[in-house]
Amino acid sequence: MKDKIQNLLEEVTQLVAPKTDEELEALRLKYLSKKGLINQLMADFKSVPAEEKREIGKALNELKDKVASRIEAFKAEMDASKHSEELQNIDLSRTAYPLPLGTRHPLSLVKEQIIDIFSRLGFNVAEGPEIEDDWHVFESLNFPADHPARDMQDTFFISHSPQILLRTHTSSVQTRVMEQTEPPIRIICPGRVYRNEAISARAHCFFHQIEALYVAENVSFADLRQVLMHFAREMFGEETKIRLRPSYFPFTEPSAEMDISCNICGGKGCNLCKGSGWVEILGCGMVDSAVLESCGIDSTKYSGYALGMGLERIANLKYSVSDLRLFSENDLRFLEQFESAR
């Protein structure tokens with residue numbers, strides 16, 4: 001028994017490394033399988049005299065460990081060799097392996113495009129709190145407590161307080177900037193706003209606005225119209241036309257709403273423009289002198305214009321999204337459509 005163990009140990013020590021997985025598996029089966037040489041010796045161990053069992057058992061276990069470690073070493077060498085060959089076969093001139101692109105939210109795409117357009121005109125981004133006070137949302141913007149224009153916006157109030165509320169428009173950012181900054185002021189204010197409205201395909205209790213404000217000396221309505229024309233053509237194409245219709249906003253005078261020629265039908269009439277060839281996209285006007293004065297700006301020296309639009313409205317026109325709820329439901333089937341956008 002001792003001679004068999006010693007001969008097998010010498011045989012294992014002199015084993016030549018296998019070159020293939022098949023040869024490695026053959027070695028494992030020869031020595032370590034149920035019908036292998038080690039198990040045969042284990043079966044013969046029963047006939048070993050009692051006084052020799054301890055010595056023979058120890059030698060047998062050492063043999064088994066030696067065979068197992070030898071085969072494991074062969075396997076590690078083969079794995080390392082394969083990895084080395086793979087590295088050598090890599091074509092370093094190839095382009096990178098294709099990686100799946102992440103999606104970008106359509107509102108983020110539209111917001112960044114609008115900011116980019118106005119940034120090239122010298123406008124800086126300004127932001128403010130979503131939980132606001134009555135002064136910055138209403139009072140400073142020419143909304144007295146009893147003004148009927150307050151009924152135009154259904155407001156969320158905080159803790160039943162009439163003075164703390166969720167902002168209904170990003171115009172509150174404009175008043176904060178005007179209070180703290182000497183003209184000239186040229187800012188664009190993106191952000192989320194809230195109104196107490198029933199949620200449907202055409203309305204939501206929260207949505208996104210982006211507003212622009214320019215206050216300086218000798219600012220005129222002609223300056224406003226020029227900026228609006230530039231924005232419309234940059235956003236919707238060089239062939240886009242605009243028209244301004246008289247309107248009313250408490251914080252601007254005169255006020256107007258701007259339409260663009262429908263970019264779906266080219267002004268010929270379709271469901272989007274309801275056959276008119278025009279689509280409303282924003283409100284605008286010259287900043288009311290009372291608003292300038294309430295923010296500490298001399299209205300006899302300075303004038304300005306303001307404009308504001310809903311991001312969802314612009315995204316609808318650019319991507320033909322018919323249901324506003326899709327923008328906030330995080331449906332991957334919808335969001336993945338914008339994977340390659342910008």
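Data table
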| read-out | value |
| --- | --- |
| Expected 222 nm ellipticity per residue - DSSP helices of 4 or more, -39500 (n - 2.57), all of the chain, to 500 | -12000 deg cm²/dmol |
| For the range 1-110, the spread of Cα positions along each principal axis, largest first, Å | 89, 33, 20 |
| Length-normalised contact order for the chain - Cα pairs under 8 Å, 6+ apart - percent | 16 |
| Amide H within-cut-off set for S276, under 5 Å, with H built and near neighbours excluded | C270 |
| From the coordinates shown, Cα extents along the principal axes in Å corresponds to which of (1) 116, 49, 39; (2) 56, 48, 39; (3) 62, 50, 46 | (1) |
| Residues of type aspartates and glutamates that K75 reaches as a straight line, Cα spacing below 14 Å, ignoring anything fewer than 8 places off in the same chain | D21, E22, E23, E25 |
| With Cα atoms, 0 to 90° folded angle of helix 171-180 axis to the chain main axis | 80 |
| Check: the chain dipole with +1 on Lys, Arg Cβ and -1 on Asp, Glu Cβ, in debye | 1240 |
| Crossing angle, helix 50-88 versus the chain [Cα axis fit, 0-90 degrees, rounded to tens] | 40 |
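Every number in this text was worked out from the coordinates using simple rules, so none of it is lab data. Note that the structure is predicted; figures quoted are calculated from it, not measured. Reconstructed Cβ throughout: ideal geometry from the backbone, glycine too, with neighbour counts over all protein chains shown.
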